[in-house]
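Below you'll find the structure, written out as structure tokens, and then a few comments.
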Amino acid sequence: MERSSKEVKITIVLDNGKTTGLPERKKECSITVTHDSSVTLMSTLLKNGLLEGSFCGGRGDCGRCRVQFIEGVMIPTMLERSVMTADELRQGYRLACLARPKDDCVIRLAFAEEKKIAIISNMIDMPENNDQLSQRNMQSINQTTSVLSTDVMKESAVTGTDVIEKKPNCEEKASAQGRITAVTEGLIAVDLGTTTIAMQLMEVNNGRILDTYCAMNPQRRYGSDVLSRIRASCDGHREELRQLVMSVLEEGVMQFERSGTAIRGMCIAGNTTMTHLLMGYDVLSLGSSPFIPVDIGLQLYEDSEWDFAVWIAPGISAFVGGDIVAGLYVLKMLPDARRIDCHGQHESLALGEEVTDLSARLLIDLGTNGEMAITDGRRMIVTATAAGPAFEGGAGAGIVGSDMIANAAELLERGILDETGLLEEPWFSEGICTGEPAVRLYNKDIRDLQMAKAAVRAGVEVLWKRMGQPRIGQVYLAGGFGCYLDVEAAFRIGLLPVTMRDRITAVGNTSLAGAYHIGRDLLSGSMDKETLENRLSFIESINLAEQEEFEALYVKYMDFR
């Protein structure tokens, strides 16, 4: 049924700095815009440049597009009642993606301040004793980083388009200047993430970092998850989505070219949807079963004016893309075709028990999607599970997933949260402020975390059983999530089995490091398209939804036990 439409006037009070898109109006107290009553308030705000985008694709899941109705307040929807307190609703707070004003009104923009996101733009070096790198909290990570070397890990905290990078000391500056003077050839590695984009200019021969460029992925205006962007692409925004990423890549290349380094190539690693959007492919088949990608082989990106080769790292399936392949490549986990036919059977042990020479290695990369790979050195099985928003910021909480896990573990220890995932009264109704800085958590945020951790834990167990229940000797946690994760908190909520204690290694941005290694080997000729794709062809990719035991394991691990 079509909605009746009429034009109404919306007066927007400009008193909180939420008008970066309208610099000429910053000094005004308010502006008035025309609104079509048949569409949401978000549509009008987007049209007038008053909102950058929709993090949840306009579903009301994230609660970040809050506005306050000063006059003409509307009756709240059921979803708004679930993500806001009764007091906030009484004060006129609503969600722009759900509100459809039918009459003239006055509003104030009250968007939640976006939390700065740390971009880990380097991979942690791994000495022989990997257990020394097991991470407990951010303090231990900083200590580990300083011990390894000044170039081990570079962190950038970004929000919107701002990038805040740690400044090197005088010795580091002098060292970097000396390296740059001697460099003649550089390679650009790119981690094309759903949320962030990290680029590094690295010396071709030795991988030394010459420069770094980080930015938020501007495609977020169409939603924070891949499904929202698939819908946007299918709704006619395919070229715009491609150009949004290209604008970031072009900015990064321009910055790198100013260094005077001769750029010889670029290698881009990203999940399958992100690389398809960059290539301008039709992504309709990625959004529905049987989830068939257009092309997941090693590709050359030719639609640019750059005078160097641009490679897109190959993927394995619609859900396990080039970012994971890059990680497997740099961690030397990809199967060796010469050993595929000589694997034997291991004795079956409890997950994570006693390490031997036959032990398997496990890679886990957690974000909006949780990708996992297990190998015994001969076979490899990979999978992915939809983790939702919990590991990249609680739906309504706006906090990173590692903090969410730490907060949940603390609430469990204090008896405020029970093992079924329910907050005790009075917090059940009002939510609870916790953490540093303090954020308010509601039962919905806890439920999102439960579903995400259950999916990951069940996925890990399915992989382990499918591999034949080998001993787990090493577990690599990739990305910023792994670097900031309090591992003991992860054990406490049941994200990981306690038998993996002392087997956990945070390995940083393996996607970026792997992109460099793939690009370097392609440039030198030590790796080619046929050889790389042949190694990937031996990998078994499974769909968890089709595994008999997955549902039962998922239900089993929902509780915080």
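The values are calculated or read from the model by the stated rules, or taken from the named source; none is laboratory data. No experiment lies behind these values; they were computed from the predicted model shown. Positions of Cβ are generated from backbone atoms using ideal geometry, with glycine treated the same way; all protein chains shown enter the neighbour counts. Ligands, DNA and RNA are excluded from the accessible area calculation, which covers all protein heavy atoms including side chains. Shrake-Rupley method; radii C 1.70, N 1.55, O 1.52, S 1.80 Å.
Collect residues whose amide H, placed 1.01 Å from N in the peptide plane, falls under 5 Å from the amide H of Val204; neighbours closer than 5 in sequence don't count.
Close amide H contacts, sequence-distant or interchain: Glu185, Gly186, Leu187.
Whole-Hz ³J(HN,Hα) for each residue in the stretch 247-258, computed from phi via Karplus 6.51 cos²θ - 1.76 cosθ + 1.60 with θ = phi - 60°, x for glycine and proline: what do you get?
5, 5, 4, 5, 4, x, 4, 4, 5, 5, 5, 5
Would you mind checking the pairs Lys332/Lys556; Lys6/Lys47; Lys332/Lys529; Lys47/Lys102; Lys47/Lys444 and listing those with alpha carbons more than 23 angstrom apart?
In this structure, Lys332/Lys556; Lys47/Lys444 exceed 23 Å between Cα atoms.
Using a 1.4 Å probe, how large is the accessible area of Asp191, given in Å² and rounded to the nearest 10?
30 Å²
How big is the shadow of the Cα convex hull of the stretch 246-292, averaged over all directions, in nm²?
For the Cα atoms of the stretch 246-292, the hull's average projected area reads 4.0 nm².
How large a share of the accessible area of the stretch 214-282, in percent, is made up of carbon and sulfur atoms when the probe is 1.4 Å and the other protein chains stay in place?
Whole-percent figure for carbon plus sulfur exposure: 46.
Based on Cα positions only, what radius of gyration and what Dmax would you give for the stretch 191-325, in angstroms?
14.8, 48
Rank-order 200-211, 374-385, 422-433 by packing density, defined as the average count of other C-beta atoms within 10 Å over each peptide's residues, highest first.
374-385, 200-211, 422-433
Any chance you could check the Cα centroid distance between the stretch 527-561 and the stretch 252-305 for me, in angstrom?
Cα centres, the stretch 527-561 to the stretch 252-305: 23 Å.
Counting only heavy atoms of protein chains, what accessible area per residue, in Å², does the stretch 185-266 have with a probe of 1.4 Å?
36 Å²
Within the stretch 506-561, report the chymotrypsin sites (Phe, Trp or Tyr not before Pro) that DSSP leaves as loop and that have at most 16 other Cβ atoms within 10 Å.
Taking the stretch 506-561 and a limit of 16 other Cβ atoms within 10 Å, the loop chymotrypsin sites (Phe, Trp or Tyr not before Pro) found are Phe538.
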